[in-house]
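Following: one structure in structure tokens, then a few remarks.
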Amino acid sequence: MVEVDALWTYAIGAGCALSTAEQLHPLAGDIRRQRGVRDRELTAALLFTGLLFTPMGMWLAVRFPGWETMYAVREMPPWGLGLFSAGITLCTALGYLCVHRLLVDGCLWAACLQLILAYTGVFFVLFHGWDGTGIHRFLASAPRAEFSRALVPSWAEFTTWLCSPVAVTLLVMGLLLIPPLLWLNARAYTRGLRARSDGSASRRQLPGLRAVGHVVLVILGPCLGLALAARLAAAELGILLGGTLWATAAATVLRPGGALADHCQRIVLPSLHGRDRPGAIPSPPVGPAFAASVSTAPHRP
């Protein structure tokens, strides 16, 4: 969906940049090598977007224009398709470059938040949309005069959608899209782990897959939970009051130094934030760009 794809591709770019944290950590102050990592991995992310994500999005926009726009329009005009394609590329690049800059500056939790908030936005748009009918628009295989605002879709609504051409197309596209995306992130993460290890890890393994799996759990856990809470708050209490209460709760969950912040930093940069774990990779001397992270890293006996 167009409304979701902008946030999703920003999250994809942010995730690809986060997977380079172990590569960037020992390069503090070495601008040339930092740019080398940035250019190599950004190129890979943009190739993924251009060769897989954009063609699939264009296919959906042409084949199911109403569903792709959440039934805001009946047909995508040619200029709309062009803007859609350019926007996907732009959002991917913005997500990557923003997170890369934060990592270089040593702002690891702020970099993680880019991914978390982007995926929270993806789920919120799917569930709530702009008027509380998001999930019903997603499950609709044909335009309707009026969409339900019920919090939970009916079982008949769900099963009917599962048998629709939209659902079958999404399943096939997911099988073609998700594995390469996971591999892309795992490959970049593995490169950083191997560069900082003692060489004992097998070159045939892809240890970054485990870290990527933990990131997926964060996306399907805290991000999904925050989005559902926002959906419930907006639907039951209104955008103003519900949004205020949700923002207060979200600020508590996402506070620096909190449990989620600690967990995410351990996933993204275990050599610095995972010293108390058995088998953790020892951290070599770091440069000034990561001095702030070193000084604030948790110390445990």
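Could you check how many residues of segment 223-267 are closer than 26 Å to residue 21 by Cα and either open to solvent by 40 Å² or more (accessible area, probe 1.4 Å) or charged (D, E, K, R) (or both)?
Matching residues across segment 223-267 total 11.
Can you say whether residue 38 is of a type in the set (Lys, Arg) and free of Cβ contacts under 8 Å to residues at least 40 places away in the same chain, as far as the supplied structure shows?
no
Can you pull out every residue in segment 148-173 that is more than 21 Å from residue 60 (Cα to Cα) and in contact (Cβ under 8 Å) with a residue 60 or more places away in the chain?
Listed by number, the residues that qualify are 149, 151.
Out of the residues in segment 26-54 meeting the condition of being part of a helix (DSSP H, G or I) and over 19 Å from residue 94 (Cα atoms), tell me which one is most open to solvent (accessible area, probe 1.4 Å).
Per the stated criteria, the residue is 32.
Against the definition (among the β-branched types (Val, Ile, Thr) and over 27 Å from residue 272 (Cα atoms)), how does residue 116 come out, yes or no?
No, not satisfied.
Taking residue 301 and the conditions (1) over 29 Å from residue 34 (Cα atoms); (2) assigned to a loop (DSSP other than H, G, I, E, B); (3) modelled with pLDDT of 85 or more, which numbered condition does it fall short on, given that it satisfies the others?
Failing condition for residue 301: (3).
Taking the stated definitions as given, is residue 20 closer than 30 Å to residue 140 by Cα, in contact (Cβ under 8 Å) with a residue 12 or more places away in the chain and either polar (S, T, N, Q) or in contact with a Lys or Arg (Cβ under 7 Å, 6 or more places away or on another chain) (or both)?
No, not satisfied.
Could you check, for segment 71-87, whether at least one of its residues is touching a residue at least 24 places away in the same chain (Cβ under 8 Å) and closer than 29 Å to residue 254 by Cα?
So far as segment 71-87 goes, yes, one or more of its residues are touching a residue at least 24 places away in the same chain (Cβ under 8 Å) and closer than 29 Å to residue 254 by Cα.
The values are calculated or read from the model by the stated rules, or taken from the named source; none is laboratory data. All values derive from a computational prediction rather than experimental measurement. Because the Cβ atoms are built from the backbone with ideal geometry, glycine has one as well, and the counts that use them run over all protein chains shown. Surface accessibility is based on the protein's heavy atoms, side chains included, excluding ligands, DNA and RNA. Shrake-Rupley method; radii C 1.70, N 1.55, O 1.52, S 1.80 Å.
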